[in-house]
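Values quoted throughout were computed directly from the atomic coordinates according to the rules given, and no laboratory measurement underlies them. Quantities reported herein were computed from a predicted structural model and do not represent experimental measurements. Heads up, the Cβs are rebuilt from the backbone with ideal geometry, glycines too, and the neighbour counts pull from every protein chain shown.
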Amino acid sequence: MDYYKDRNDLTQRIAAGSPAASAQAAATKAAPKKTNILRRLLSPHELATLLLLLHAPMAAFAKPEIPTLQEAGLVETVATDAGESHIRLTPEGNAILRGLGVK
């Protein structure tokens, strides 16, 4: 029996009933955490739109990049009291800008 091999084998730990195995089993049964991973690089126009939104919300669909950024979860539509809709950054959009060192 190889100690190092068995230590890293999850099936061996579950069979043994170790505390690490019970914690691993609990983690796999928990509801999956929603992750929004950016699947592609942003274009320069999309980055520029995020920078514009950093300073002020803009009218919905004012720029052609808005629908793509909405699909990526980086911007959201907000209705105003006047019935107009504006676009603003989501926390994920803010995280992108912080990652670039802008915020």
The stretch 44-99: Rg to Rh, with Rh as the Kirkwood radius over Cα pairs: 0.95
HN-Hα J in Hz across the stretch 55-62 - Karplus 6.51, -1.76, 1.60, θ = phi - 60°, x for Gly and Pro: 8, 6, x, 10, 4, 4, 6, 6
How far apart, in nm, are the 7 Å Cα→Cβ label points at residue 59 and residue 39? 3.1 nm
